[in-house]
1. Using the Cα centre of the range 100-157 as origin and beta-carbon charges of +1 (Lys, Arg) and -1 (Asp, Glu), tell me which of Asn130, Leu109, Pro150 is placed farthest towards the positive end of the dipole.
2. Mind giving me the nanometre distance, one decimal, between the label points for Ile161 and Lys11, set 7 Å out from Cα along Cα→Cβ?
3. In Å², what does the accessible area per residue of the chain work out to with a 1.4 Å probe?
4. Among Ile76, Gly42, Gln64, flag the residue with its Cα farthest along the positive direction of the charge dipole of the range 35-127, charges on Cβ as +1 for Lys/Arg and -1 for Asp/Glu.
5. With springs connecting C-alpha atoms under 10 Å apart, model the chain as a Gaussian network and identify which of Leu41, Leu155, Leu60 has the largest mean-square fluctuation.
6. What's the magnitude of the charge dipole for the chain around its Cα centre, counting Lys and Arg as +1 and Asp and Glu as -1 at the beta-carbon? Answer in Debye, nearest 20.
7. Once neighbouring chains are kept in place and the probe is 1.4 Å, which whole percent of the accessible area of the chain is contributed by carbon and sulfur?
8. Roughly what angle does helix 16-38 make with the longest principal axis of the chain, taking Cα atoms, 0 to 90 degrees, to the nearest 10?
Amino acid sequence: MSDLYTEVIVKKKTTAKDMILKSLLIAATALAVFAFFFTTLGVIALAAVLALGVADYFLLPSFQVEYEYTYVNGEIDVDKIMSKKKRKSVYKADIKDLEIMAPSDSHALDSYKNRQDIKTYNFSSLEEQNKTYTMIFKGEKGMEQVIFEPNEVILKDMKRIAPREVNLY
């Protein structure tokens, strides 16, 4: 029997909050450069330029995010790709730990919606027209809620492996 392997890449929508933070960071850097060249602040302005330059280098790539779902035989790995350069593994789970999976707007998830003991991970594009699914896992540190946008191959295989836990409607 061959392994089922599939990958899905989802580009996260840039939110207004992201744009504001990015703009403020760039404006603060420009203001610090201006202060260095045109005021008598000297060393203080230079320290601000250096600190903001380092912050720009590390924070600006984090505003352009893609999520890559890798699904292999009932195990799902989620990687966060920043600016198409940096990759970081952010979540791993096995379908055997799945309690329920359903479309995010499904009534099957109603009993989990207002619980305070569930840690939520949103690995979706945040585009309203895209259909998202929510998985509830029994994790090592308690219940975990994962929101993502799988393709049909992942959905069909998850339904095959865990037919009672996976609701596709």
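1. Checking the options against the dipole of the range 100-157, the answer is Leu109.
2. Modelled inter-label distance: 2.9 nm.
3. Result: 64 Å² per residue.
4. Gly42
5. Greatest mean-square fluctuation among the candidates belongs to Leu41.
6. My answer is approximately 380 debye.
7. Ligands and nucleic acids excluded, carbon and sulfur reach 58 percent.
8. With rounding to tens, the tilt is 20 degrees.
The values are calculated or read from the model by the stated rules, or taken from the named source; none is laboratory data. Note that this is a predicted model, so its numbers are computed, not measured. Here Cβ is always computed from backbone atoms with ideal geometry, including for glycine, and neighbour counts include all displayed protein chains. Protein only, heavy atoms only, side chains kept; ligands, DNA and RNA dropped before computing areas. Shrake-Rupley method; radii C 1.70, N 1.55, O 1.52, S 1.80 Å.
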